[in-house]
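The values are calculated or read from the model by the stated rules, or taken from the named source; none is laboratory data. In this text, all values refer to a predicted model and were calculated from it rather than measured experimentally. Using ideal geometry, Cβ is built from the backbone for each residue, glycine included, and neighbour counts are taken over all protein chains shown. Keep in mind that these areas ignore ligands, DNA and RNA; they rest on the heavy atoms of the full protein, side chains included. Shrake-Rupley method; radii C 1.70, N 1.55, O 1.52, S 1.80 Å.
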Amino acid sequence: MAKELKLMKGNEAIAEAAIRSGCDGYFGYPITPQSEVMEHLMAEQPWEKTGMVVLQAESEVASINMVYGGAATGKKVMTSSSSPGMSLMQEGVTYLAGAELPCLLVNVMRGGPGLGTIQPSQADYFQTVKGGGHGDYQLYTLAPASVQEMYDFVFKAWDIAFKYRNPVMILSDGAIGQVMEKVYVTDYIPRWTNEEIAKNAPWAAFGKPAYRDHNIVTSLELDSAKQEMNNHRFQAKYREMEKNDTLYEEIMCDDAEYVFVAYGSCARIAHKAVQLCREKGIKAGLLRPITLFPFPTAPIKALAQRVKGMLSVEMSAGQMVQDVKLASEFKCKVEYFGRYGGMIPTPQEVVEALENKLIKG
């Protein structure tokens with residue numbers, strides 16, 4: 001597959017990947033700092049190249065329900081937003097999960113709570129991996145740390161979404177969304193025909209063609225016993241995700257005595273902090289969760305059994321640290337360091353936090 005090198009913002013990479021991966025429909029509403037997603041789509045006019053529908057809905061509530069409708073027909077459909085907008089979508093998200101509809105959701109996080117700021121944040125971790133809507137459901141969640149991953153994870157998201165019939169979230173932040181980096185992009189991938197949908201998505205509802213019966217797509221089940229069985233099926237699906245599709249990266253962890261755990265923008269900052277620690281003679285390493293759900297529990301547990309301590313580095317008041325503590329089974333000391341409200345920590349601050357909280361503390 002031919003590759004082309006481009007200089008792009010993270011948000012633009014999401015949009016370009018949507019076009020080139022054969023996305024059938026994008027339904028969204030502008031909000032900083034992710035508005036370039038729709039702007040790039042409008043500029044590229046993919047409806048003339050691939051037939052992709054690009055529509056600005058009247059609100060985030062409307063856009064997530066348009067995603068529901070498109071996903072119910074077996075099409076590749078998506079939306080993107082930032083923190084307040086994603087909050088408005090939560091009812092639709094749980095309906096998508098309950099109806100087992102594959103789709104792509106992108107959240108380019110900003111500082112809160114409330115309208116907050118347009119600066120980067122990671123404070124939507126709880127909302128995303130603990131269930132922002134009602135009911136027992138999970139979103140497979142990818143956390144990109146570069147513009148290249150913003151691009152690549154769109155392709156990965158479609159694979160996972162249709163493999164498990166489940167919504168997939170790309171959880172980014174304003175820094176990754178706005179930064180410009182080199183990106184390798186691939187050739188266009190054709191969209192599915194209705195016959196291919198019928199073969200690969202036999203559950204989809206798109207009328208009653210001659211070659212198959214009609215389908216009903218819904219998240220409603222008034223029989224409690226049947227709804228419990230649905231939930232058993234959902235939970236089994238999530239366990240399969242944990243077993244087969246947990247992703248993470250370890251950097252200089254082989255001889256590490258202390259380990260940073262960080263994702264997204266903070267992982268890049270923590271990577272530099274590892275280098276600064278090594279220059280000071282501190283054996284530090286980095287474990288980067290690439291999937292936030294499923295969370296890399298097993299590798300964190302393994303590291304906790306031999307390191308002196310772990311530091312969860314976040315742009316939040318301390319959310320992922322709870323999962324790090326649970327994964328470590330308290331085999332080592334786990335501390336948290338973070339900035340929030342749109343503030344970004346520096347590598348030097350991360351090193352100082354390690355020294356004060358784990359080495360001296």
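Points to keep in mind about this one:
- Using all pairs of distinct alpha-carbon atoms, the Kirkwood hydrodynamic radius of the range 277-361 works out to 13.4 angstrom.
- For the range 1-137, the direction-averaged projected area of the alpha-carbon convex hull comes to 8.8 nm².
- Surface accessible to a 1.4 Å probe, Phe206 within the full protein complex, Å²: 50
- Among the GluC sites (Glu not before Pro) found in the range 13-65, those both in a DSSP coil and sparsely packed, with 13 or fewer other Cβ atoms within 10 Å of their Cβ, are Glu58.
- Taking the Cα atoms of the range 255-294, the ratio Rg/Rh between the radius of gyration and the Kirkwood radius comes to 1.02.
- Normalised by residue number, the volume inside the convex hull of the Cα atoms of the range 205-303 is 164 Å³ per residue.
- Think of a 1.4 Å ball rolled over the protein heavy atoms: the chain then has 42 Å² of accessible area per residue.
- Using the Cα coordinates of the range 111-204, the gyration tensor eigenvalues translate into equivalent-ellipsoid semi-axes of 28, 21, 9 Å, sorted from longest to shortest.
- Here the accessible area is traced with a 1.4 Å probe on the protein chains. For the range 8-51, carbon and sulfur cover 46 percent of it.
- Aspartates and glutamates whose Cα lies under 16 Å from that of Lys331, excluding same-chain neighbours fewer than 8 positions away: Glu257, Asp323
- Charge dipole magnitude, Cβ of K and R +1, D and E -1 - the chain, Cα centre, debye nearest 20: 720
- Across the options Pro102, Gln127, Pro46, the greatest Cα extent toward the positive end of the charge dipole of the chain (unit charges at beta carbon of Lys, Arg, Asp, Glu) belongs to Gln127.
- Over the range 87-139, equivalent-ellipsoid semi-axes from the Cα gyration tensor in Å: 22, 11, 9
- All aspartates and glutamates inside 15 Å of Lys6 as judged from Cα atoms, apart from same-chain residues fewer than 8 positions distant: Glu16, Glu44, Glu149, Asp152, Glu181, Asp187
- Set of lysines with alpha-carbon distance to Lys9 below 27 Å, sequence-local pairs under 8 removed: Lys49, Lys75, Lys76, Lys156, Lys182, Lys272
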